[in-house]
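Peer 1: First the structure, which I've put down as structure tokens, then a few questions once you've had a look.
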Amino acid sequence: MATNPVPDHVPPEMVRDFSLFTSPGMPPTLNGDPHAAVARVHDGPPIFYSRYNTQDGRGTWVITRAADQRKVLQDAETFSSHRSIFSSILGENWPTIPLELDPPAHGVFRSLLNPLLSPKRVLALEPAVRERAVELIERIAASGTSCDVMKDFAFPFAVSTFLRFLGLPDDRLDTFVGWGKDLLHGDDKERPVAARTIVAFIDELAAMRRQEAVDDFMTFIVQAQVEGRRLTDTQVRGIGVLVFVAGLDTVAAAIGFDLAYLARNLKDQQLLRSEPDRIPLATEELLRAYPPIQLIRVATKDIDFEGAPIRKGDYVSCATMIANRDPAEFACPNTIDLEREDNRHAAFGYGPHRCLGSHLARREIVIGLEEWLARIPAFRIKQGTAPITSGGHVFGIENLILDWS
Amino acid sequence: MRIIVQKAKCQGHARCAAQAPDIFKLDEEGYILPSDIEVAEGEELPASRGARSCPERALELTR
Ligand code: HEM
Ligand code: SF4
């Protein structure tokens, strides 16, 4: 796979055979642990060049240290987010918002959206989130002693919470999950089809809300004003598409990896079951150990960064799963310690693009684990089954069959 | 004890407020209020925990 030529300005000794897509443990793997697999980069230099490290097969610089990632991500002037990852799948060029805008334009939209997902607002959403978790888990508990956590709990829980936030009904949940799978994990044919379907869906929803206002997210967006003006159609689409995609996969993946860990570590499982007050702190450690996302920036100018000759236009990868296993930042980074304090992990990114949904995502994971552990007795991975994990731009876990017979 | 707040660095992670909501006050968007924080006697422990929890390093403790 690693066939891209190395750009002339990259010293050959800085090139390493590493890729979030093709390195060992990254393609779909039975019983894999892709996070532990990438942690091995810390045996090498703090910054290096990978010839194949994005979904569309580009080379990137790889920043491994948490402190260096913080520097890159806090400096949006040098390291831009403007790269049209989504629309380029369609051969187009418009930004998802706020993800692919840089300050100062970015801040205007963040200020518009922040109150919708602030810690205070999330507190108000919590009872509905908990009710949904309880409903799903009680159904699972009543119907046997085994289930596929991803299909029966993680996806329906995360996606329906999110649809409720958007003001959309649950009845098309499976369709939406399918779109998300094709978009994030599909092949070169499936991805553009999924992207086009999502854009058409968002455009249509925006048109409906323009015609008739209801009390929901999309109505808020089509009615919103920034700097005295209504948003353009492309801006509405950029926000709608991003918020839709951001909530489809991430929380479900986190819950999947967390329950897989607990299924394999019965002592930790029992500790959290008997002392649920520990779950919020444990959730931070699980976010540190199993974050799903790689962040990409584009250099806006030539810069020598910590010894790396980065040139204008170079792609720079800040993978949260790599920062979170940095031994310079975390003592014993590959040990999962559910009581870890001062855990300033990078799961939600650093800098102005810090995950807008982080307060909701955190609470969903905590509530999901609380209600699961309160209702499901000691569980393991069902004998004869093996979860399939994968690396890539967004790490994933499929097919997690748990058993508590 | 004082906490120096570098407001420009705050990105609204709200980890400080999760540790000590009465010490670290957030605005409507969920970002820290701009002024430095005078820590009351007896509150040093939660205050320093909160300051240490900031992923952006926006909070600095001084004596
Ligand atoms: C465990 C779950 C989640 C994780 C680990 C996660 C992680 C991230 C990360 C690392 C970023 C920064 C991207 C960058 O800087 O390039 C981000 C941005 C974003 N996330 Fe999340 N996310 C999660 C869930 C959610 C949810 C549930 C929502 C929506 C309700 C959401 C909405 C967003 C949005 C809108 C942005 C763009 C923010 C900006 O560019 O200013 N995320 N997320
Ligand atoms: S933890 Fe840091 S970034 Fe987050 S709200 Fe507090 S000061 Fe701001």
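Peer 1: Just to be sure I understand the rule: take each whole DSSP H helix in chain A, project its Cα atoms onto its long axis, keep it if the span is 18 Å or more and its mean Kyte-Doolittle hydropathy is at least 1.0. Which ones pass?
Peer 2: In chain A, the long hydrophobic H runs are A:233-264.
Peer 1: How many partner chain Cβ atoms sit within 10 Å of a residue's Cβ in peptide A:212-218, on average, as a whole number?
Peer 2: Per-residue shielding by partner chains comes out at 0.
Peer 1: Further question: 7 Å from Cα along Cα→Cβ at both A:Ala386 and A:Arg196: what's the point-to-point distance in nm?
Peer 2: 3.8
Peer 1: While we're here: Starting from the stretch A:87-190, pick out the chymotrypsin sites (Phe, Trp or Tyr not before Pro) whose DSSP state is loop and whose Cβ has at most 16 other Cβ atoms within 10 Å.
Peer 2: Counting only loop positions with at most 16 other Cβ atoms within 10 Å, none of the chymotrypsin sites (Phe, Trp or Tyr not before Pro) in the stretch A:87-190 qualifies.
Peer 1: Still on this model: Can you compute the charge dipole magnitude of the stretch A:1-94 about its Cα centre, using +1 on each Lys and Arg Cβ and -1 on each Asp and Glu Cβ, nothing else charged? Give it in debye, rounded to the nearest 20.
Peer 2: 120
Peer 1: GluC sites (Glu not before Pro) within the stretch B:19-63: which are DSSP loop residues with at most 13 other Cβ atoms inside 10 Å?
Peer 2: B:Glu28, B:Glu41
Peer 1: On to the next question. Could you tell me whether the stretch A:236-309 comes out rounded, prolate or oblate from its Cα gyration tensor? Rule is a ≥ b ≥ c as square roots of the eigenvalues, rounded for a/c under 1.5, then prolate if a/b exceeds b/c, otherwise oblate.
Peer 2: oblate
Peer 1: Hey, another quick one. Counting only protein chains, not ligands or nucleic acids, how are A:Met14, A:Met26 ordered by accessible area (probe 1.4 Å), most first?
Peer 2: Result of the area sort, largest leading: A:Met14, A:Met26.
Peer 1: Evaluate peptide B:52-58: per residue, the Cβ atoms of other protein chains within 10 Å of its Cβ; return the mean as an integer.
Peer 2: If you average over the peptide's residues, the count of other-chain Cβ atoms is 5.
Peer 1: Follow-up question, since we're still on this one. Shape verdict for the stretch A:179-338, please, from the Cα gyration tensor: rounded (a/c under 1.5), prolate (a/b greater than b/c) or oblate.
Peer 2: Oblate is the answer for the stretch A:179-338, as a/c is 1.5 or above yet b/c matches or exceeds a/b.
Peer 1: Suppose each label sits 7 Å from its Cα in the direction of the beta carbon; what would the A:Arg311-A:Ile85 distance come out to in nanometres?
Peer 2: Spacing of the two 7 Å Cα→Cβ label points: 2.5 nm.
Peer 1: Among A:Leu90, A:Trp61, A:Ala76, whose Cα sits farthest toward the positive end of the charge dipole of the stretch A:55-100 (+1 at Cβ of Lys/Arg, -1 at Cβ of Asp/Glu, about the Cα centre)?
Peer 2: A:Trp61
Peer 1: What does the charge dipole of the protein assembly as shown about its Cα centre add up to, to the nearest 20 debye, if the Cβ of each Lys and Arg holds +1 and the Cβ of each Asp and Glu holds -1?
Peer 2: So the dipole magnitude of the protein assembly as shown works out to roughly 300 debye.
Peer 1: Next up: May I ask you to derive the relative contact order of chain A, considering only C-alpha pairs under 8 Å and at least 6 residues apart, and to give it as an integer percent?
Peer 2: 27
Peer 1: Helix-only estimate, please: 222 nm mean residue ellipticity of chain B, summing -39500 (n - 2.57) across DSSP H runs of length 4 or more and dividing by its residues, to the nearest 500.
Peer 2: -5500 deg cm²/dmol
Peer 1: With springs only between Cα atoms under 10 Å, which of A:Gly228, A:Gly32, A:Gly238 fluctuates most in a Gaussian network model of chain A?
Peer 2: A:Gly228
Peer 1: Moving on. Let me confirm one metric for peptide B:3-11, namely the mean number of other chain beta-carbon atoms within 10 Å of its residues' beta-carbons.
Peer 2: That works out to 2 on average.
Peer 1: What whole-number value in Å² describes the accessible area per residue of the protein assembly as shown for a 1.4 Å probe?
Peer 2: With the other protein chains kept in place, the protein assembly as shown gives 43 Å² per residue.
Peer 1: Now for a separate question. Nearest 500 deg cm²/dmol is fine: what mean residue ellipticity at 222 nm does chain A get from its DSSP H runs of n ≥ 4 alone, each adding -39,500 (n - 2.57), divided by its residue count?
Peer 2: Value at 222 nm, helices only, nearest 500: -14000 deg cm²/dmol.
Peer 1: Tell me the label-point distance for the pair B:Arg57, A:Glu92, using the 7 Å Cα-to-Cβ offset, in nm and rounded to one decimal.
Peer 2: My value for the distance between the label points is 4.1 nm.
Peer 1: Right, something else. Give the shape of chain A as rounded, prolate or oblate, defined through the alpha-carbon gyration tensor: a ≥ b ≥ c are the square roots of its eigenvalues, a/c under 1.5 means rounded, and otherwise the shape is prolate if a/b is larger than b/c and oblate if not.
Peer 2: Because a/c hits 1.5 or more and a/b fails to exceed b/c, chain A counts as oblate.
Peer 1: A follow-up question, please. Packing-wise, with mean Cβ within 10 Å as the measure, how do A:87-96, A:289-298 rank, highest first?
Peer 2: Most protected by this proxy first, the peptides run A:289-298, A:87-96.
The values are calculated or read from the model by the stated rules, or taken from the named source; none is laboratory data. Worth saying up front: this structure is predicted, and the values here are computed from it rather than measured. When we count neighbours, we look across all protein chains shown, and the Cβ atoms used for this are built from the backbone with ideal geometry, even at glycine. Note: accessible area is taken over every heavy atom of the protein model, side chains too, but ligands, DNA and RNA are not part of it. Shrake-Rupley method; radii C 1.70, N 1.55, O 1.52, S 1.80 Å.
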